[in-house]
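In what follows, a structure is listed as structure tokens, so that the remarks can point back to it.
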Amino acid sequence: MSRRLLVTGGAGFIGANFVHHWCQTYPEDRIVVLDALTYAGNRENLAAVESRENFQFIYGDICDRSLVDHILAAEEIDAIAHFAAESHVDRSILGPGAFVQTNVVGTFTLLEAFRQHWQNAGKPEAYRFLHVSTDEVYGSLGPNDPSFSETTPYAPNSPYSASKAGSDHLVRAYYHTYQLPTIITNCSNNYGAYQFPEKLIPLMCIHILMGKQLPVYGDGKNVRDWLYVNDHCRALDVVINRGTPGETYNIGGNNEVENISLVQNLCQIMDELSPNLPVSPAANLITFVKDRPGHDRRYAINANKLTTELGWTPSVTITTGLRLTVEWYLQNRDWWEPLLSEEYQAYYWQNYVASTIKT
Ligand code: NAD
Ligand code: TYD
């Protein structure tokens, strides 16, 4: 069966990788991207698919109910892959309002519109609402705690994770109350091509290339579980096509790494791949800076359900994935340089400089 898929947030990091994956895997399917092109959205990310006949980009906000209604009806959408979100923890600490608006109100708007659309179509069983969420909703783990499973109680600690948790609860409620065929995925930290420079891995790659300090929060011993973005997209594909409505699936890479060792690893790869760095060895740039308020210590995902029930496993090791990612940032200077805009500099100053000035 060919699909007519609405991808929200398709001009962002994971959304764009997902669109590329879907267009390559299912060239007959119709893809409509709805994206508000916030600072994190970039139409360049979709340049390779823009000219396809069965691709359409629509500039707009997921909170705009009449626009969403119009798209669902006019495009005869049968599945939504919902990526659109405010996604950066540090920005959620500086300004939580946008996170509640897009992540909670925006998800609610999509759910209401999709419920109406699904009812109008006679509640087809094949319709899907895939809600792409994060492992951060489960809170923080101690060093010996078992990794997060689908039944771990929610305990979000940042405005970002709290807003994602709120949206997850709404999605869950729409299945239980209305039987709307929703599925939730909770994934660990992604990395790969097209990730906005504010996130740890691109920030470090770009700073190494520019000879700028590499700001490591706190003692650098916070642990994240890293997954190559293409593997996340493969998992979402499996879940849309074979996942069970009403279920949650955790997605993770089985790659727990302390931040400091990840940064050291990136420095080594850069030293090797880029012989003319402004500062060499790049590790000389590592600087420990003030910790993020409420910084979660450890995330780890147990993805056994996805593996056992749907047969998904990650295909790229962290060694290969990091090298591919570094190569991508080395080869795509034209992509990231324009993103270091005034808005970005202002954010950078507020997050990394202003917070350390004593008044
Ligand atoms: P991103 O910040 O790179 O992209 C978000 C996209 O959403 C942008 O294109 C932006 O323009 C768009 N957007 C924002 N507000 C919008 C609105 N109101 N209406 C329409 N479009 C809007 O985010 P990402 O890293 O690609 O994350 C995508 C999703 O995956 C998010 O829901 C996030 O919570 C989740 N997630 C991310 C990670 C990660 O490591 N990045 C891990 C797990 C889950
Ligand atoms: P990030 O990429 O922001 O993802 P998240 O906070 O959603 O896990 O950060 C990953 C880890 O890296 C997190 O523990 C915070 C840390 N970090 C730094 O040490 N320095 C930085 O400049 C950034 C952006 C993150």
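Between ASN304 and SER2, the FRET efficiency estimated from the beta carbon spacing at R0 = 35 angstrom works out to 0.65. Here the dipole of the stretch 72-157 is about 180 debye; that uses its Cα centre as origin and unit charges on the Cβ of Lys and Arg (positive) and Asp and Glu (negative). What's the local net charge at ASN222, with K and R +1, D and E -1, over the other residues with C-beta under 13 Å away? Result for the neighbourhood of ASN222: -2.
Using the Cβ-Cβ distance between ILE286 and ALA346 with R0 set to 30 Å, the FRET efficiency works out to roughly 0.75.
Annotation: extensible slack from LYS221 through LEU330 equals 36.5 nm (criterion: 0.36 nm per residue apart, minus Cα-Cα distance). Each principal axis of the Cα cloud of the stretch 149-279 was taken in turn, and the coordinate range along them, longest first, works out to 59, 30, 22 Å. Against the chain, whose longest principal axis is taken from its Cα atoms, helix 107-120 shows a tilt of about 20°. In this structure, LYS123 and ASP271 have a Cβ-Cβ separation that, at R0 = 45 Å, corresponds to a calculated FRET efficiency of about 0.20.
Label-to-label distance, VAL353 versus SER149, with points set 7 angstrom from Cα along the beta-carbon direction: 4.9 nm. For the chain, taking Cα atoms only, Rg and Dmax work out to 19.9, 63 Å respectively. Here is how the number arises for the chain: DSSP H runs of 4 or more residues each give -39500 (n - 2.57), the sum is divided by the residue count, and the result at 222 nm is -11500 deg cm²/dmol. Each peptide among 193-205, 282-294 gets the average number of other Cβ atoms lying within 10 Å of its residues, and from highest to lowest they stand as 193-205, 282-294. Model label sites at GLU28 and GLU44, defined 7 Å from Cα along the beta-carbon direction, differ in position by 3.6 nm. For the chain, the longest principal axis of the alpha carbon atoms and the long axis of helix 229-242 meet at an angle near 20°.
Sorting 102-111, 331-340 by their mean Cβ neighbour count within 10 Å, with the most densely packed peptide first, gives 102-111, 331-340. Projecting label points 7 angstrom from Cα along Cα→Cβ for GLU112 and GLU247 puts them 3.1 nm apart. With respect to the chain, whose longest principal axis is taken over its alpha-carbon atoms, helix 318-331 is tilted by about 80°. As a proxy for reagent exposure, ARG65, ARG30 were ordered by neighbouring Cβ count within 10 angstrom, fewest first; the result is ARG65, ARG30. Where in the stretch 35-60 is the amide nitrogen less than 13 Å from a point lying 7 Å along the Cα-to-Cβ axis of ALA74? Counting only backbone N, you get 56-60. For the chain, the tally of Lys pairs with Cα-Cα distances below 28 Å comes to 16, considering only residues 8 or more apart or on different chains.
Compare the peptides 223-236, 206-219, 8-21 by average per-residue count of other Cβ atoms within 10 angstrom and give them in order, highest first. Each step should come with its number before you reach the end.
Details: 223-236: 23.2, 206-219: 17.7, 8-21: 25.6.
By packing density, highest mean first, the sequence is 8-21, 223-236, 206-219.
Laboratory data are not the source of any read-out in this text; all were calculated from the coordinates shown. Computed from a predicted model, the values in this text were never measured in an experiment. Neighbour counts run over all protein chains shown; Cβ positions are idealised from the backbone, glycine included.
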